[in-house]
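The values are calculated or read from the model by the stated rules, or taken from the named source; none is laboratory data. All values reported here derive from a predicted model rather than from experimental measurement. Glycine also receives a Cβ, built like all others from the backbone with ideal geometry; neighbour counts cover every protein chain displayed. To get the accessible areas, we keep the full protein, side chains included, count just its heavy atoms, and leave off ligands, DNA and RNA. Shrake-Rupley method; radii C 1.70, N 1.55, O 1.52, S 1.80 Å.
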Amino acid sequence: MRPFRALVLFFAFLSLSLLSSLTFAIQPDRIAGAIDSGAVVRLKGNVHGLARRDFDLGRVHGAEPMSGVSLVFKPSAAQQAALDKLLKEQQQRSSPNYHKWLTPAQFADRFGMSRSDIEKVTAWLQSQGFTVTRVANSRNQVFFEGTVAQVESAFRTEIHSYLVDGKVHFANATEPSVPAVLSGMTIGVQHLHNFQPKPRAKTRVVPGGGASAHLTSHISGNHFLTPADFATIYDVQAFYTAGIYGATQTIAVIGQSAVNTTDLHNFRTAAGLSTNDPTMTLVPNSGNSTVCAGDEGESDLDLEWSAGIAKDASITFVYAGPGQGKTCANRNWGAFDALQYAVDQNLAGIISNSYGNCEANIGSSFALTMRGWAQQANTQGQTIFSASGDSGAADCDFQVAVATQGLAVDLPAGIPEVTAVGGTEFNGDGKGTVTGTPPNTDSSATAFWGATTGGVDNAGSALSYIPETSWNDTAVDPTISASGGGASIYFDKPYWQAATGMPGDNKRDVPDISVNASADHDGYLFCSEDGFTAQTCASGFRDNSPTTNFAVVGGTSAGAPTMAGIWALFNEFNGFNVGSGNVNSFLFYELASSYPDSFNDIVSGDNIVPCTAGTPNCTGGQLGFLASAGYDLVTGLGSINAFQMALNSQAPTFDFVPDVNSVSILRGQTGTINFTISPANGFTGTLNFSSSSCSGLPSEATCSFSPPSVTISSAAQSTVTLTIKTTAPAAKLTEPLGRGREIFYATLVPGILGMFAFCLPGKARRRGGRMLILLAVLASSTLWMGACGGGSSRAKDPGTPVGAYTVVVTATSGGSAPITTKASIIVNVN
């Protein structure tokens, strides 16, 4: 019986162990019991920045319907720590999790709410009279609809109307509240307003015989960008030569208007491309597919140019209708709803977004909500490119001539898990000389553009890379027009954002990279009926006679789709058929240090704009930043040399990743950070670390490394530990002794000498004693004189100053071609 009993116990233990291992991956419930509406907690950061008293028109009628409202939940502390760890490991090339992307269902099981908790939330919403329409695949967002009165009652807020820029919007006037049991896990209540994001495009009509154009115009001699020109300038053509056209990739383009496919067909015909219609995906419950002026042109740009660069990529157009029973003028749904849907459904490996709003308007709650989307996207392998904004350093000032709202950056571009694309402008490429008798005229060649012949435009006439400055056409445009850039007010600097010139501001800085954004010099040709004639691109890129006009567009909106197209080619070149996740974290900043020829560093220009004296951040009637060597808050790391970057991504290198992004140290103590070193692409070499490997340390703080040298000869990971030592405040004497101590020693020293003399043997005592007594008298006299002479002064050593510091840690290999990788750590000295 004993062996049988032992066997039973063994299998019982084994069953419990298996059950434990199987249930470990299931998220525990976070909501204890039923949800009680009696006790509530107010949520912060949920009021839109434009819901201001001076715009307030009063309460909205309680019977008005509200759709698309959602409760948004954040991961628990343990889930967030695991998510942060996974995001790092997915980009560490020697990690077992490298490029092991999750599905939305897998993301939900690891980082979402439990199914039981979602059921409780759904039951509570239904008890408040709402209809639950959808639960996000991430299980971190529950969508519902109801009336204004139901929203006001359930969330203890008021919905008001606001007149802003001639349009009436609705929004919650006060912060919403949620049941207390939900407060610790709820980010916010979203969609309580209908302020929609703005497109970041600048369009203009260029007359056929006008003084501005861009391809090479046979009429004016000026130059316009076609996809072929872009490919030449930014080193994309080499992908095509290698047979890379993006056929294995899918790009999701975000919008809030339907489009006319005739415009898309005309563009590809004019550009010499075969038809490649996008898949149209309307966000569910967002109303009917509707064409909206201003937004249709944005979508035309994004669809035409993303597919114009990645010629064979599959394009999915994800767009929102205005809402059930709504029009473009009073829409409830917008581009951000389309962005959420593209992530939640994992519709494409690459996402192009040209919509945004400034951080202050969006608020902290929605900023964190969007970051949750972006982090989910990255775990799924999705790369998001987003326009950095067209208002220079004053992103809250939209389409105005003078800024009044102060420094601001654009969201979602300011989110660390999103790649922010800023703007440059070509310089030094003047127009060609026009000869002949109109209309049979021709333009001569220039240093960077080819000539025309036979009175026909020369599409694809760019000859090489054209020098660039930062984009700022504010002086020639009717409203502020400049590359968006600056420091986030919500997000800290991520560890990977380290480069020469990077501000030590402890903040996520924008943009990351840039491409041409000027509609004035040299803008992008596109085909759109939105704001142009119905015959746009009826004759090449021109409309029909007699006008023969061009439709030209610019703005950082052009950067998101062109970078998305480039990235489709990059992924195919590297065999990344699903995606490559957050390219900031594993590529851009790493290459800026190791292989700077991946970029064209933009060292001139600015995004400085005029501002009203006395308004925030306005100094001398202007605000903004200068471009400079290395990273800057105007063009980021610069524009890219696309194919060279792809080649460099396969060159030997190493990842240098800290285990934490920040460390807090009490003055007088030490803090440690462990860095994982992961070789890639066959890298071998020795990394030596010293005190000079740290920069940005505060005064009276030092750094050291253990071990001081790491030799990498295989694919295995290595670890080096950084120790930062601070100094505590202390008294510091300016003279050797103070008065009290001098009196003490004046008494002690003679006594010690006298005792020593007494202990000497007879003859030595007689000889040496006299000498010791003499020394004792001299020492005593000297010390007493010092004690009576006014004393010594004391100064305080303040120690390491309290504050937050950006410390950049640099790892450089030896050899004739050293490879450098940097990491940024926020050090909080308390």
TODO: State, to one decimal in nm, how far the label point of Asn427 lies from the label point of Lys796, with both points 7 Å from Cα in the Cβ direction.
DONE: 5.0
- [ ] Would you mind working out the magnitude of the charge dipole of the chain relative to its Cα centre, with +1 at each Lys and Arg C-beta and -1 at each Asp and Glu C-beta, to the nearest 20 Debye?
- [x] 4900
Task: Length added when fully stretched, Thr269-Thr500, from 0.36 nm per residue minus Cα-Cα - done: 78.8 nm
Task: Accessible surface, 1.4 Å probe, highest first, among residues Val578, Val515 - done: Val578, Val515
- [ ] Please tell me the relative contact order of the chain in percent, rounded to the nearest whole number, where contacts are Cα pairs under 8 Å and at least six residues apart.
- [x] 13
TODO: Within 10 Å, count the other beta carbons around each residue, average over each peptide in 491-499, 808-816, and list them highest first.
DONE: 491-499, 808-816
Task: Centroid-to-centroid separation of the range 462-510 and the range 660-734 [C-alpha atoms, Å] - done: 30
Open item on the list: Per 0.36 nm of contour for each residue apart, how much would the distance between Ala728 and Thr437 grow if the chain were fully extended, relative to their Cα-Cα spacing?
Closed with: 96.6 nm
- [ ] Arrange the residues Thr723, Thr424 by how much accessible surface each exposes, largest first, with a 1.4 angstrom probe.
- [x] Thr723, Thr424
Open item on the list: Can you tell me what percent of all Cα-Cα pairs in the range 584-624 are more than 15 Å apart?
Closed with: 60
TODO: Please give, to one decimal in nm, the separation of the simple spin-label points placed at Ala149 and Ser699, each 7 Å out from Cα toward the Cβ.
DONE: 6.7
Task: Estimated 222 nm signal from helices in the chain, with DSSP H stretches of n ≥ 4 weighted -39500 (n - 2.57), rounded to 500 - done: -8000 deg cm²/dmol
Task: At least 24 Å along the helix axis (C-alpha) and Kyte average at least 0.0, DSSP helices within the chain - done: 2-23, 739-758, 762-788
TODO: Of the options Gly668, Leu525, Leu303, report the single residue whose Cα projects farthest towards the positive end of the charge dipole of the chain (beta-carbon charges: Lys, Arg +1; Asp, Glu -1).
DONE: Gly668
- [ ] Round to the nearest 10 and report in Å² the accessible area of Thr261, as given by a 1.4 Å probe over the protein chains' heavy atoms.
- [x] 50
Task: Exposure ranking of Tyr245, Tyr319 by accessible area [1.4 Å probe, largest first] - done: Tyr245, Tyr319
TODO: May I ask what percent, to the nearest 5, of DSSP beta bridges between residues of the chain are antiparallel?
DONE: 75
Task: Contour minus Cα-Cα distance for Asp165 and Gln650 (0.36 nm per residue) - done: 169.6 nm
- [ ] Be a star and scan the range 466-508 for residues whose amide nitrogen sits under 17 Å from the point 7 Å along the Cα-to-Cβ vector of Ala629.
- [x] 499-503
Open item on the list: Not counting ligands, DNA or RNA, and with a 1.4 Å probe, what is Arg667's accessible surface area in Å² rounded to the nearest 10?
Closed with: 80
- [ ] Using a 10 Å cut-off on Cβ atoms, rank the peptides 427-440, 552-565 from the highest mean neighbour count down.
- [x] 552-565, 427-440
Open item on the list: Run the simple label-point estimate for Ala247 and Val41 please: 7 Å along Cα→C-beta, distance reported in nm.
Closed with: 5.5
Task: FRET efficiency, 1/(1 + (r/R0)^6) with R0 35 Å, evaluated for Glu119 and Thr684 via beta carbons - done: 0.05
Task: Accessible-area value, Ile712, 1.4 Å probe, nucleic acids and ligands omitted, Å² - done: 0
Open item on the list: Can you compute the label reach from Glu158? Point 7 Å from Cα along the Cβ direction, backbone N cut-off under 12 Å, restricted to the range 63-84.
Closed with: none
